[in-house]
Amino acid sequence: MPGQRGPVPVPLHNGSRDLTLDILETLEHTDPIQSSTTFPDVSQADIKAALDRLKSRSMVEYDTADSEVVVLTGEGKQIADEGSHEYKVWKVVKDSGKVSLKELPSKVAPESAKVGQGNAFKLKWIKKEGDDLVPVADTVTDSTQEILQHVQTHNAASDPKQLKDLLKRKLVTTQKKIAYTVRKGPKWAKEIPVEVTDLTAEMLEDGSWKTANFKPYNFNALGASQNAGALHPLNKVREEFRKIFFNWDFVEMPTARFVDTGFWNFDALFVPQQHPARDLQDTFYVSDPPSAGRPGPDPAADKALDEMEADSKTFSADSSKGSKLDYEQYYKNVRAVHQDGAFGSIGYRYPFNDSETERLVLRTHTTAVSTYCLHRLAANPRPARYFSIDRVFRNETVDATHLAEFHQIEGVIADYGLTLGGLMDFLASFFRKLGITNLRFKPAYNPYTEPSMEVFGFHTGLDKWVEIGNSGMFRPEMLLAMGLPEDLRVYGFGLSLERPTMIKYGVSNIRELLGHKVDLGFIESNAAVRLDKD
Ligand SMILES: N[C@@H](Cc1ccccc1)C(=O)O
């Protein structure tokens, strides 16, 4: 029975001791108790564990006071037990009558011989006679030993000067100690009562819930780790970007078509048919089927866009006045711009190759999708905001920062009276969301935009300017060929999803993020990311 046990703490399996019952029993007759006197030899961790257990059940309350205690070092302990070095030297000299200087180190420990001899001379306990040491005193008081024994029992020196001296001689050290003053709590009892952890139907029925002793919640307990699935960092960052776009009333473009035609990926964007980017170095061509046919509507994409636009505030709901799209006419217009010039453009003036247009490619940019959506807008021209974040493919040499496939974030805005300044302003607010507040624009070239600008941002974390995107105003001959009205301007921009993700997660090699070398532990444990710093 617990009541019959003495105050000796019970050892737990892990070597620590459970003091809870001892504390409860002691409190019955001594309230409050001081941990330093009641449990002088118990480790601080054991006392704290027991007190916290009892406190969480309101069985005890306690205050703490920090104090410093003095404890003996290994050498200090040895002197307290066996006497000081000088005492040991005096003792062998006294017991043998005389000891030769040469013999002394073999009679006492060498370090005792070294330190103890000088001190014993100083204290006039021994003296030298020729090559021998002989005793002077008959009895001696070993005050160093006495002082250390005193420190050992009281855990304190008698005065600061003595403490300083002992610390210097490395015979003692000081340690922080927490002293607990423990009182009975509102639910004190001699034993820890059984605690109910679950409210059951039976308890409700028989009314025992009214008197049951429920275990309180422990809000400090760490939850068990969950073996759950995890989102890839790219998906997390992608979700953040989607939220930004949706907050700004952008409609997400349907990007399921990884394989597209030369027409949408290149020709409609006036990438010249002999352009180096089109050749086998940068583009993956699909050989089977060999030809895709002429451009036409994509019913799945149209349906998705109809639904999204109906939900969006940007798009006027009434699309009934829309005209039917003439894909054949559009194709002829694009061909005319390339070959002969049209819509104010003098054209490339080469014979347009129809089979080039019908080739299948793994899309090299998501602007292929934007182009499809912009042409579709010509059925019912009105202000529009589109975005997409999806995969693109380039036949590039794979290195630490490049893969043959990556993700593009793309945004396109159509409205009346748009200006380049508006694009720059839009990009500034967009990148501010990533914490990049300082932008620079560098003139660049895209066959489909004029002017075009590369966007550089000053990254405070990396402390340097980094290229973060590409942008521009779509060319009139591209938009007019689609059938969009002259005063409806469109600008757009694109960037990779990988770059901001690598920066956010501090990953310098893209192969740590994608591919067979990815550490799944990293994917599971990486933190959430937030982009809205506004
Ligand atoms: N397509 C461009 C990005 C871009 C999109 C829209 C307008 C201008 C530029 C790229 O791949 O880098």
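The values are calculated or read from the model by the stated rules, or taken from the named source; none is laboratory data. Note that the coordinates shown come from a computational prediction; the quantities given were computed from them, not determined experimentally. All Cβ positions, glycine included, derive from the backbone under ideal geometry; neighbour counts span all protein chains shown. Protein only, heavy atoms only, side chains kept; ligands, DNA and RNA dropped before computing areas. Shrake-Rupley method; radii C 1.70, N 1.55, O 1.52, S 1.80 Å.
Restricted to segment 60-103, and to residues there that are closer than 16 Å to GLN152 by Cβ and among the β-branched types (Val, Ile, Thr), the residue that is nearest to the chain's Cα centre (by Cα) is VAL69. For segment 406-424, a residue qualifies if it is without any contact (Cβ under 8 Å) to a residue 60 or more places away in the chain and either more than 16 Å from the ligand (Cβ to nearest atom) or of a type in the set (Lys, Arg) (or both), and exactly one does: GLY421.
Contact map, segment 440-453: first residue free of Cβ contacts under 8 Å to residues at least 60 places away in the same chain, second residue hydroxyl-bearing (Ser, Thr, Tyr) and more than 10 Å from the ligand (Cβ to nearest atom), Cβ cut-off under 8 Å, separation 6 or more or different chains; pairs are SER452/TYR445.
Across segment 93-107, the qualifying residues are those that are polar (S, T, N, Q) and open to solvent by less than 80 Å² (accessible area, probe 1.4 Å), and the one among them that is farthest from LEU24 (Cα to Cα) is SER100.
To keep it simple, each residue is scored yes or no on (1) within 15 Å of the ligand (Cβ to nearest atom); (2) small (Gly, Ala, Ser); (3) within 25 Å of GLU405 (Cα to Cα).
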site	(1), (2), (3)
LEU480	no, no, no
LEU484	no, no, no
SER508	no, yes, yes
GLU512	no, no, yes
PHE522	no, no, yes
ALA528	no, yes, yes
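Just one residue in the set ASP52, ASP63, ASP46 is under 16 Å from PRO186 (Cα atoms) and in contact with a Phe, Trp or Tyr (Cβ under 9 Å, 6 or more places away or on another chain); that residue is ASP63. Applying the criterion of being charged (D, E, K, R) and free of Cβ contacts under 8 Å to residues at least 60 places away in the same chain to the residues of segment 486-506, the residue that is farthest from the ligand (Cβ to nearest atom) is GLU486.
Across segment 66-92, what is the total count of residues that are open to solvent by 40 Å² or more (accessible area, probe 1.4 Å) and either charged (D, E, K, R) or at pLDDT 90 or above (or both)?
Total satisfying the criteria: 11.
Of all residues assigned to segment 386-395, at least one qualifies as being among the hydroxyl-bearing types (Ser, Thr, Tyr), open to solvent by less than 20 Å² (accessible area, probe 1.4 Å), within 14 Å of the ligand (Cβ to nearest atom) and modelled with pLDDT of 95 or more. Every listed requirement among (1) in contact with a helix residue (DSSP H, G or I) (Cβ under 6 Å, 6 or more places away or on another chain); (2) open to solvent by 40 Å² or more (accessible area, probe 1.4 Å) is met by THR255 save one, (2).
Residues satisfying the criterion are present in segment 211-218 (criterion: open to solvent by 60 Å² or more (accessible area, probe 1.4 Å), part of a loop (DSSP other than H, G, I, E, B) and among the β-branched types (Val, Ile, Thr)). The residue pairs whose first member lies in segment 100-126 and is in contact (Cβ under 8 Å) with a residue 24 or more places away in the chain, whose second member is assigned to a helix (DSSP H, G or I) and of a type in the set (Ser, Thr, Tyr), and whose beta carbons are closer than 8 Å, counting only pairs six or more residues apart or on different chains, are GLY116/TYR87.
Report yes if some residue within segment 79-94 is hydroxyl-bearing (Ser, Thr, Tyr) and free of Cβ contacts under 8 Å to residues at least 12 places away in the same chain; otherwise report no. No, segment 79-94 contains no residue that is hydroxyl-bearing (Ser, Thr, Tyr) and free of Cβ contacts under 8 Å to residues at least 12 places away in the same chain.
Counting only helices (runs of 4 or more DSSP H) wholly contained in segment 108-169, the ones carrying 2 or more residues that are hydroxyl-bearing (Ser, Thr, Tyr), open to solvent by 30 Å² or more (accessible area, probe 1.4 Å) and under 16 Å from ASP81 (Cα atoms) occupy 143-154. Look at (1) open to solvent by 10 Å² or more (accessible area, probe 1.4 Å); (2) touching a residue at least 60 places away in the same chain (Cβ under 8 Å); (3) of a type outside the set (A, V, I, L, M) and you find that PRO351 fails only one, number (2). Restricting segment 440-457 to residues that are more than 13 Å from the ligand (Cβ to nearest atom) and under 18 Å from ILE409 (Cα atoms) leaves a set whose member that is surrounded by the most Cβ atoms within 10 Å (Cβ to Cβ) is GLY457. For segment 238-261, the count of residues that are in contact with a strand residue (DSSP E or B) (Cβ under 8 Å, 6 or more places away or on another chain) and within 30 Å of THR30 (Cα to Cα) is zero.
Screening the candidates LEU403, LEU362 for the property of being open to solvent by 10 Å² or more (accessible area, probe 1.4 Å), modelled with pLDDT under 95 and within 16 Å of the ligand (Cβ to nearest atom) yields one hit, LEU403. Summed over segment 406-424, residues that are out of contact with any Ser or Thr (no Cβ under 9 Å at 6 or more places or on another chain) and either at pLDDT 95 or above or open to solvent by less than 20 Å² (accessible area, probe 1.4 Å) (or both) total 9. Restricting VAL237, VAL182 to residues that are open to solvent by less than 40 Å² (accessible area, probe 1.4 Å) and under 35 Å from the mean Cα position of the chain (by Cα) narrows the list to VAL237. Cβ-Cβ distances below 6 Å connect the following pairs, each with a first residue in segment 463-477 that is among the aliphatic types (A, V, I, L, M), a second residue that is within 15 Å of the ligand (Cβ to nearest atom) and open to solvent by less than 20 Å² (accessible area, probe 1.4 Å), and a separation of six or more residues or different chains: ILE468/VAL455; ILE468/LEU495; MET473/THR449; MET473/TYR491. Residues in segment 258-267: is at least one at pLDDT 95 or above and open to solvent by 40 Å² or more (accessible area, probe 1.4 Å)? Within segment 258-267, one or more residues are at pLDDT 95 or above and open to solvent by 40 Å² or more (accessible area, probe 1.4 Å).
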